[in-house]
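The values are calculated or read from the model by the stated rules, or taken from the named source; none is laboratory data. Predicted model only: the values in this text are computed from it and were never measured. Please note: Cβ atoms are built from the backbone with ideal geometry, for glycine as well, and neighbour counts cover all protein chains shown.
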Amino acid sequence: MKNLANQFWINRDMQVTMERLSSGMRINRGADDPAGLAISEGMRAHTRGIDQALENTQEAMVFLNARDRIMAEQQDIGMRLMELAVRAANEATLTTSDMQKLDDEAQALITQLDTMGKSSSLRGSEGTKLVFNAGQLDVIWVIDQTGSMGAPIASVVAGAPNMYSQLAAKGFDLRMGAVGYGVGAVGNLSVTAPPGSPFNALTATGSKSLQGGSAGFVADVNAIAGALQGSRERGLDASLEAIYSTGIQAQLTARPDAQRVMILLTDADSDDFGEFGANNGINVGQAERDFVVSTMDSWGMSYYVVSTITEGAGGIPADADYTDIATRVASGGGSMALDGPGAWVNTITSALEAFGGPYSLSFQIGADNVGDDKLELNFKTVTARTSGLSSVSLTSATAAQNSIDQVKAGIEFISEERAATGAYMHRMESVIDDLTAERNNTLAAKSNIADTDFAETASGMTKQQIIFNTAVAAGAQANATPSAVLNLISEQGIGQQNDLL
């Protein structure tokens, strides 16, 4: 019995050894090494996670490469716009018809640049856009607070919740603030006014904060509406003060990466720079308007003008100052009638959506739920508006000369975003190298625990075979001895005298 028991254990050990040699695994069942199994399976799960993280990172590289290629095409458009602008500035050799043809080509190119920016994606219309996305959007409403503005302000109050909900549904992180103007001393705005210069146009009503929800914004607008008063309309002074004023800057300063938009809500006329009388705003000098434009641009402000239905009515034309500034600020602008809480909300919402905004995309680049394994990359929206190319005009030599600087700035904007994208690509390459090294190290550690040591196992199997064969031979010999004795007895014959007995 003891011999049979030994053969059983020897046979079992040989089966385990054969299983290890055939599978290459030292642990094939929990009983082989319970603690080792738990550790090695954890390592195996981590390795699978790393494999997927490597695939994620490769997909991120595809996204970044595609983004870079789109911006390269946008840069080519910018280069062609530069050629057209310089050519159009050569007034002496061009006719009016020639200028129009140059501008037609320029506008077509700008439209194409914008289309590429807004529609290019990896997976059709439902895929993540490559250079355009909803993002942080900070909007400052500069509201004319004179007595004639009651109905327009009420319209803003009625429409604001819909604006918030529409933009939130499209993925924008929207904040809006409201400031009122219309009181204070009249003073000419200096074209060299330093930051912080008081223009004495804004009133003290409202919280002067950028609100993340419609309730706070509506409360501020209602406060402005509750303090309506007759006074001079100084919308351009107020716009600049909303940017510069140190007294409210802490609340109204836009987030560093946000797309910034200023909306000027006004009615028929402006008394900016101390000029009085009907339609006096048209007489504001070009130097002052240039200062407003340069200020908006330096703060990264887009500019949009909203007017009431009284503007342009009764023989009073639209304010030329506002129209000029809205079209020349780098990210463009527009003018529209605010005649109720319905259609205007959709118009403004569409305009704000067209600005896009800086945004972040997250990539899972590791196998764990820790900070370093989730990478957020920050991008800027690249369109005609955000690059400043939407305001390029070649309709005259003067406009073409001004457009040269705008085109240069636009090309530089796209170049900077391409450079940032390239830096992210280098970063992803480093991530791939790190993940590959981590995967190899994890596999090596798992191998030490779970994989078969073929030299040791093969040597052990040889030993087991020798022991098994010896046991079998010994058993056979033990079984053969009684048979031999009986054979000898039988050879002497039955009933005869047997010398062996």
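Inside region 385-425, can you point out the residues that are within 12 Å of M71 (Cα to Cα), hydrophobic (A, V, I, L, M, F, W, C) and either outside the structural domain of E83 (by TED's automatic domain parsing) or surrounded by 22 or more Cβ atoms within 10 Å (Cβ to Cβ) (or both)?
First, the residues of region 385-425 that are within 12 Å of M71 (Cα to Cα): 387, 410-422.
In the following step, the residues that additionally are hydrophobic (A, V, I, L, M, F, W, C) were identified as 411, 413-414, 419-420.
Scanning region 385-425 gives a single hit, I414.
Mind checking which helices (runs of 4 or more DSSP H) fall wholly inside region 196-271 and carry at least 3 residues that are modelled with pLDDT under 85? Step through it out loud before you land on a result.
Numbers: elements: 214-225, 235-244, 249-252.
Once the helices (runs of 4 or more DSSP H) in region 196-271 are filtered for at least 3 residues that are modelled with pLDDT under 85, what remains is 235-244, 249-252.
Working only within region 104-116, note down all residues that are in contact (Cβ under 8 Å) with a residue 40 or more places away in the chain and touching a helix residue (DSSP H, G or I) at 6+ places or on another chain (Cβ under 7 Å).
Hits for region 104-116 are A106, I110, L113, D114, M116.
Specify which of the listed residues (T349, T381, T395) is more than 30 Å from A60 (Cα to Cα) and part of a loop (DSSP other than H, G, I, E, B).
Working: T349 fails: part of a loop (DSSP other than H, G, I, E, B); T381 fails: more than 30 Å from A60 (Cα to Cα).
Criteria check complete, one pass: T395.
Which of the residues spanning region 49-86 are aliphatic (A, V, I, L, M) and touching a strand residue (DSSP E or B) at 6+ places or on another chain (Cβ under 6 Å)? Break it down into steps so the answer makes sense when it comes.
Of region 49-86, the ones aliphatic (A, V, I, L, M) are 50, 53-54, 60-62, 64, 66, 70-72, 77, 79, 81-82, 84-86.
Residue satisfying the conditions is A60 alone.
From I50, I10, I27, I39, which residue is at pLDDT below 90 and under 27 Å from F379 (Cα atoms)?
Of the residues listed, the single one that is at pLDDT below 90 and under 27 Å from F379 (Cα atoms) is I50.
Considering region 131-149 alone, what residues qualify as being touching a helix residue (DSSP H, G or I) at 6+ places or on another chain (Cβ under 7 Å) and either more than 15 Å from V218 (Cβ to Cβ) or in the same structural domain as R69 (by TED's automatic domain parsing) (or both)?
If the condition is that a residue be touching a helix residue (DSSP H, G or I) at 6+ places or on another chain (Cβ under 7 Å) and either more than 15 Å from V218 (Cβ to Cβ) or in the same structural domain as R69 (by TED's automatic domain parsing) (or both), then V131, F132, L137, I140, V142, D144, Q145 are the ones that fit.
What number goes with the only condition from (1) surrounded by fewer than 17 Cβ atoms within 10 Å (Cβ to Cβ); (2) at pLDDT 70 or above; (3) closer than 20 Å to G410 by Cβ that T347 does not pass?
(3)
Within region 356-376, which residues are modelled with pLDDT of 80 or more and in a helix (DSSP H, G or I)?
Matches in region 356-376: D373 only.
Consider region 379-412. How many of its residues are modelled with pLDDT of 90 or more and closer than 17 Å to A258 by Cα?
0
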